[in-house]
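*Asks:* Next up is a structure, given as structure tokens.
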């Protein structure tokens, strides 16, 4: 079984659009995992039917029993996250470390599991899909990403599928690292803007840091040809393969509005994604 | 007055809006405005101020435990306590995985041998720069998370603290820098802890979306976060003209103010892709952003 993650440093470069089209092309041989758990959008294009739902318990949270509390203030003093004020826990700030419970002389503090979201196993028109929804503002998105990936591997093994296709989140922090750990190939989607180029360098540093075989896709390459040339040069310098060059075209948004993938409605972007799919398949 | 600029979906134009707001305000009023770029994983705001001069650069330090092997009895209590699995106690040695450590100091408190002490390590850098005259009196504070680091929230906090500081520039009176302090916080995409940390304690949040199914879906989640945090908000629709009309219906139905629309315009996109602030190149937009800032001030008051 192979795993491929589609990531980008900068947001909005087209990860989900591309993953959905790759899913259509890999129909019947892959499981799709949406690991952008706090802004998941892949389901809007693949319209999956949920077959199973699993609760996700993120970090524990501290609760102070007011009846037991003697208001000694030890917890407040020990908390490194400024999460205790007036002998009450600010749940938004609590990171569930348990130090307040440890220092409380009268056992007034409890740590409780808190429901942080859900993960789903679903069936889409191109094959099984695992996705999730973190509750608004929750922590531990990396832990939920790890759970989604674990479920996706189980589904792939159970159904004898040879590819897990991962839709990652923007950035380079915890959820991105969780999406990239142990994959066989990363596809970084970028665009020829000054910000796209800057963010590409950072995410290439990350995939390099973890020793992940990486390829690049330049989306909307024709919007700024000089910028695209700079990206091509950067990739050559870093010995990273540019696996695809997608033109800017209205079919991308048209498809999104219809809840379809770009390859289903056709056009120049669909053709370019198909070429890229073949390059990536060969790499894998 | 602190205004955050956020969005659920990435790439909707947060940085475009944050830099335009700050520069338009600074140029049209002569006031100084601070941009706090809290997208520390991929900071971009400073790129739009090529005439900036760097004022300071410092490491963002977080607490980490140090284990005194001579005292350690390898009882394993610290590893059992650690909620983040950042410690592994082997028969002969203690291993720390620093990227997982939240710096709670629980291991220090629980150790029966007093073998744990505290040290610090850097997870990234904080920069402060002042823009040149072409972009008004804008101060840019940004953080850059080190590659391989997972936890961005301590650095986000540090960036906001730095932006709130009074060390504007050498030679300026402290009282002067306290007058009319205005900060625009450029937030990371998403709706999880990094976004929460960035919008926290801001007086108003401007959510930037695009009129597409992805934009609307993620806007809805972001609005739920702000509602929970009781932060007043309004919406700016960027790239209008693409997609569909659903976002407008959504806003109308919920009585959420739509504060501005920026059309998908090749000229704007080209100026942005070169790393320039389009509002300063197109005077009618500078005017609009200055007015938007005034409207937000009224709404936040």
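*Asks:* Dividing the convex hull volume of the alpha carbon atoms of segment A:155-284 by its residue count, what do you get in Å³ per residue?
*Replies:* 128 Å³
*Asks:* Which percent of Cα-Cα pairs in segment B:59-160 sits in each 5 Å bin, short to long?
*Replies:* 2, 12, 20, 17, 13, 10, 9, 5, 4, 3, 2, 2, 0
*Asks:* Looking only at other chains, what is the average number of their beta-carbon atoms within 10 angstrom of each beta-carbon in B:12-21? If you can, show how the numbers build up before the last one.
*Replies:* Details: counts 2, 1, 2, 2, 1, 0, 0, 0, 0, 0.
Per residue, the number of nearby Cβ atoms from other chains is 1 on average.
*Asks:* Sticking with this structure for a sec: When A:281, A:228, A:114, B:4 are ordered from fewest to most other Cβ atoms inside 10 Å of their Cβ, what list results? Intermediate values should be presented prior to the final figure.
*Replies:* Numbers: A:281 15, A:228 22, A:114 18, B:4 27.
Least crowded to most crowded, the residues run A:281, A:114, A:228, B:4.
*Asks:* Follow-up question, since we're still on this one. Just rank B:1, A:151, A:129, fewest to most, by other beta-carbon atoms within 10 angstrom.
*Replies:* Ordered by Cβ neighbours within 10 Å, fewest first: B:1, A:151, A:129.
*Asks:* Is the C-alpha gyration tensor of chain B telling us rounded, prolate or oblate? Criteria: a/c under 1.5 is rounded; beyond that, a/b larger than b/c is prolate, otherwise oblate.
*Replies:* prolate
*Asks:* Can I ask one more? Starting from the Cα gyration tensor of the protein assembly as shown, take the square roots of the eigenvalues, sort them a ≥ b ≥ c, and report rounded, prolate or oblate (rounded when a/c is under 1.5, otherwise prolate if a/b is larger than b/c, else oblate).
*Replies:* oblate
*Asks:* Can you tell me how segment A:61-112 classifies by the Cα gyration tensor, rounded, prolate or oblate, using a/c under 1.5 as the rounded cut?
*Replies:* Rounded, since a/c falls under 1.5.
*Asks:* Find the relative contact order for chain B and round it to a whole percent, using C-alpha pairs within less than 8 Å whose residues are 6+ positions apart.
*Replies:* 28 percent
*Asks:* While we're here: Taking a quarter of the surface of the convex hull around the Cα atoms of chain A, what do you get in nm²?
*Replies:* Hull-based average projected area comes out at 16.7 nm².
*Asks:* Something else about it: Between the helical axis of B:213-229 and the dominant principal axis of chain B, each derived from Cα atoms, what acute angle in degrees is found, rounded to the nearest 10?
*Replies:* Its long axis makes an angle of about 60 degrees.
*Asks:* So what is the relative contact order of segment A:1-146, in percent, for Cα pairs below 8 Å that sit 6 or more residues apart?
*Replies:* 33 percent
*Asks:* Follow-up question, since we're still on this one. Which order do the peptides A:67-74, B:33-40, A:192-199, B:12-19 come out in when sorted by mean C-beta neighbours inside 10 angstrom, highest first? Walk me through the numbers on the way to the answer.
*Replies:* Values: A:67-74: 12.4, B:33-40: 29.4, A:192-199: 23.4, B:12-19: 26.8.
Ranked by mean Cβ neighbours within 10 Å, highest first: B:33-40, B:12-19, A:192-199, A:67-74.
*Asks:* Ok, one more. Kindly express, to the nearest 10 degrees and within the range 0 to 90, the angle between helix B:14-29's C-alpha long axis and the longest C-alpha principal axis of chain B.
*Replies:* In chain B, helix B:14-29 runs at an angle near 60 degrees to the longest axis.
*Asks:* In a Gaussian network model over chain B where Cα atoms closer than 10 Å are linked, find which of B:77, B:31, B:160 has the largest mean-square fluctuation.
*Replies:* Of the options given, B:77 has the highest mean-square fluctuation.
*Asks:* Across peptide B:192-200, how many C-beta atoms of other chains are within 10 Å of each residue C-beta, on average?
*Replies:* 6
*Asks:* By how many degrees, between 0 and 90 and to the nearest 10, does the Cα long axis of helix B:153-164 differ from the longest principal axis of chain B?
*Replies:* Roughly 50 degrees, rounded to the nearest 10.
*Asks:* Summarise the partner chain shielding of B:147-159 as one whole number: the mean count of Cβ atoms from other chains within 10 Å of each residue's Cβ.
*Replies:* Working: counts 10, 7, 5, 8, 4, 4, 6, 1, 1, 0, 2, 0, 0.
Across B:147-159, the average partner-chain Cβ count within 10 Å equals 4.
*Asks:* Sticking with this one: Among B:43, B:211, B:263, which one moves the most in a GNM of chain B with springs linking Cα atoms closer than 10 Å?
*Replies:* Judging by the Gaussian network model, the answer is B:263.
*Asks:* Turning to a different aspect of this structure: For chain B, with a Gaussian network of springs between Cα atoms less than 10 Å apart, report the residue from B:274, B:200, B:254 with the top mean-square fluctuation.
*Replies:* B:254
*Asks:* Something else about it: In terms of the ratio Rg/(2.2 N^0.38 Å) built on C-alpha atoms, what value belongs to segment B:190-230?
*Replies:* 1.14
*Asks:* Under 37 °C and 0.692 mPa s, how fast does segment B:63-121 diffuse according to Stokes-Einstein, given a Kirkwood radius computed over C-alpha pairs? Answer in µm²/s, whole number.
*Replies:* Reported coefficient: 296 µm²/s.
*Asks:* Please compute the contact order of segment A:61-112 in relative form: average sequence separation of alpha-carbon pairs under 8 Å and at least six residues apart, divided by the residue count, as a percent.
*Replies:* 51 percent
*Asks:* So for B:231, B:256, fewest C-beta neighbours within 10 Å to most, what's the order?
*Replies:* Going from sparsest to densest Cβ surroundings: B:256, B:231.
A short reminder: the numbers here are calculations on the coordinates, not readings from a lab. What you are looking at is a predicted structure, and each value in this text was computed from that prediction instead of being measured. So basically every Cβ, Gly included, is an ideal-geometry build from the backbone, and we count neighbours across all protein chains shown.
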